[in-house]
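The values are calculated or read from the model by the stated rules, or taken from the named source; none is laboratory data. Not measured: the values here are computed from a predicted model. Here Cβ is always computed from backbone atoms with ideal geometry, including for glycine, and neighbour counts include all displayed protein chains.
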Amino acid sequence: MRFVGRRRGSSVTSVTDLAKFLTCPYLFLREKVVGKRKTAAMKRGLELHRERYLLHREGAAEMDIEEAVEASWRGKVIGVEVWIDDGEVGGFVDRVEVEEGRARVVEYKSTPRSASWKTSKLQALIYGAILRRYVDYVVVEVRTFEEELFFRRQIDGAVLEAYEKGKEAFRRSIDTGVFPPLPGPHCRYCPLRKSCPLFKSSSLLFMGVSEVAGDGRVQL
């Protein structure tokens, strides 16, 4: 069965924003203040998402994720652009498949380069962590639109714990105004790499390696 989620607005933090923050808080801040330039690749990615959504919705049922999970006990359900949230963070999942309490989440990217980015993996992990509220077994993937697989992981306790730490770090940065840069492989593609005070501040790692200090900074 194919389904599409009921499209709705929400005041929660977007999955994309949280993933960008966890990739590099400083870059997240600059993009929010200055804005982000849309590239040709980004525009093409949006077009591909739209094309898939329009094709998928033909003949698809409209239901929330809770209804889809219930229906999955009667057969496999597949959704595109499905809204999920946990009351704090939310967004539209590119593709979710659910069958008998087991789910697969796919985050699609338009190029191999974007599919390999840390932010893309974080997006998939965050969606998976949210979806664990509804099903007990979740696997997340990052693929190109040509179905080339770049990342796959089951959502386990370590990911859920790291997700909660990530949300806490985000709240602390918002409250304190501290957005430290994070050195890493992603820096080679960063538009701020020439001006960023990269090695003069604490860093943030999503997968449970770092700890949140009392002053809102994140330290290894």
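List pairs: first residue in segment 116-136 and within 21 Å of GLU147 (Cβ to Cβ), second residue assigned to a helix (DSSP H, G or I) and aromatic (Phe, Trp, Tyr) anywhere in the structure, Cβ distance under 8 angstrom, at least six positions apart or on different chains.
Once the first residue is within 21 Å of GLU147 (Cβ to Cβ) and sits in segment 116-136, its partners that are assigned to a helix (DSSP H, G or I) and aromatic (Phe, Trp, Tyr) give TRP117/TYR189; LEU125/TYR163.
Which one is farthest from ARG104 (Cα to Cα), of the residues in segment 133-163 that are among the charged types (D, E, K, R) and within 14 Å of the chain's Cα centre (by Cα)?
Residue satisfying both the conditions and the ranking: ARG143.
Identify, please: which residue in segment 61-117 is surrounded by fewer than 18 Cβ atoms within 10 Å (Cβ to Cβ) and aliphatic (A, V, I, L, M) and is, among those, modelled with the lowest pLDDT?
The residue in question is ALA61.
Kindly establish whether VAL159 is at pLDDT 85 or above and either buried (at least 19 other Cβ atoms within 10 Å of the Cβ) or over 30 Å from ASP136 (Cβ atoms) (or both).
It is true that VAL159 is at pLDDT 85 or above and either buried (at least 19 other Cβ atoms within 10 Å of the Cβ) or over 30 Å from ASP136 (Cβ atoms) (or both).
Would you kindly identify the strands (runs of 3 or more DSSP E) lying entirely within segment 1-119 that contain at least 3 residues that are within 25 Å of GLU164 (Cβ to Cβ), of a type in the set (Val, Ile, Thr) and within 19 Å of the chain's Cα centre (by Cα)?
Where strands (runs of 3 or more DSSP E) fall fully within segment 1-119 and carry at least 3 residues being within 25 Å of GLU164 (Cβ to Cβ), of a type in the set (Val, Ile, Thr) and within 19 Å of the chain's Cα centre (by Cα), they are 89-99.
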